[in-house]
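The structure appears below as structure tokens.
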Amino acid sequence: MSIGFFLYPLHLDVIKDRSMIVEREAGDLERIKKCEMDAFIVDVNKYLLNRFNYKTPPARAGLGFSVIADRAKFDIYLRYKPESKFWPKDTLVIARLGFVETRKGNGKSFLKFLVSKALEFNISHLGIESVNELSRSFAMKYGFSPMTRSADSIAKTIKKGLYGERDTRCLVGGVEEIGRYIESYG
């Protein structure tokens, strides 16, 4: 009986150690994700500086894991791999994308840039949230499709008020498929 008495506290210590390891790993994963996002921001800045001839870097980290780039010629807001059941794992979400000069190839060029960086940053999907008719036709042209969610899942999301009715206006596409569409449109 005394053997059981001594084993029980050891077992609790092992459980405590494992939970500390899990917490430490979660913290490490968050730091790794932050470092990835910082490297991604550097690449976004290189792209935007080259494309629009700015002298100072326009992209910066926003709240959480978001990237903001706004200048006179464009307005970009990205969510870097959001931890959400709504989006597939390892998705880069385009929350806002606007260019002053439209129909000049800026959207396609930026999409092509994102696809080129996807493998490097382990991004498997690109998502676009809250599309309007113009952005929907643009996205569908390059292989995005509406989110496929069960009616029950959408009802729960709307009930919680997380995305409201925007669920039906969110599009997603696999990076490889989007890349093929970009290449097919020259």
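The values are calculated or read from the model by the stated rules, or taken from the named source; none is laboratory data. Values in this document were obtained by computation on a predicted structure and should not be read as measured data. In this analysis, Cβ positions are derived from the backbone assuming ideal geometry, glycine residues included, and neighbour counts consider all displayed protein chains.
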Report task. Answer yes if at least one residue in segment 119-130 is within 17 Å of the chain's Cα centre (by Cα), crowded, with 19+ Cβ neighbours inside 10 Å and either modelled with pLDDT under 95 or over 23 Å from ASP43 (Cα atoms) (or both), and no otherwise. Result -> yes
Query - Failed item, numbered, when LYS33 is tested on (1) at pLDDT 95 or above; (2) closer than 22 Å to VAL115 by Cβ; (3) out of contact with any helix residue (DSSP H, G or I) (no Cβ under 6 Å at 6 or more places or on another chain) - result: (1)
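Any chance you could count how many residues in segment 110-142 are outside any helix (DSSP H, G or I), of a type outside the set (S, T, N, Q) and under 19 Å from ARG169 (Cα atoms)?
We begin by selecting, within segment 110-142, every residue outside any helix (DSSP H, G or I); these are 119-132, 142.
With the extra rule that they be of a type outside the set (S, T, N, Q), the set shrinks to 119-121, 123, 125-129, 131, 142.
Within this subset, residues satisfying the condition of being under 19 Å from ARG169 (Cα atoms) are 125-129, 131, 142.
Adding up the residues that qualify gives 7.
Filter segment 48-62 down to the residues that are among the aromatic types (Phe, Trp, Tyr) and either under 21 Å from LYS34 (Cα atoms) or touching a helix residue (DSSP H, G or I) at 6+ places or on another chain (Cβ under 8 Å) (or both) and list them by number.
First pass over segment 48-62, keeping only residues among the aromatic types (Phe, Trp, Tyr): 52, 54.
The one that is among the aromatic types (Phe, Trp, Tyr) and either under 21 Å from LYS34 (Cα atoms) or touching a helix residue (DSSP H, G or I) at 6+ places or on another chain (Cβ under 8 Å) (or both): TYR54.
Given the residues GLY173, GLY186, GLY179, GLY107, which is the only one that is at pLDDT 95 or above and outside any helix (DSSP H, G or I)? Even if it seems obvious, please write down each step before you answer.
On the way: GLY186 fails: at pLDDT 95 or above; GLY179 fails: outside any helix (DSSP H, G or I); GLY107 fails: outside any helix (DSSP H, G or I).
Answer to the check: GLY173.
Here are ASN50, ASN45: which of them is loosely packed, with under 11 Cβ neighbours inside 10 Å, at pLDDT 95 or above, in a helix (DSSP H, G or I) and among the polar types (S, T, N, Q)? Give the derivation first.
On the way: ASN45 fails: loosely packed, with under 11 Cβ neighbours inside 10 Å.
Answer to the check: ASN50.
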Report task. Give the residue that is surrounded by the fewest Cβ atoms within 10 Å (Cβ to Cβ), with candidates limited to residues of segment 53-96 that are touching a residue at least 40 places away in the same chain (Cβ under 8 Å) and outside any strand (DSSP E or B). Result -> PRO88
Query raised in the report: Just one of the numbered conditions (1) modelled with pLDDT of 95 or more; (2) more than 26 Å from ASN122 (Cβ to Cβ); (3) among the hydrophobic types (A, V, I, L, M, F, W, C) is not true of MET20; which one?
Result: (1)
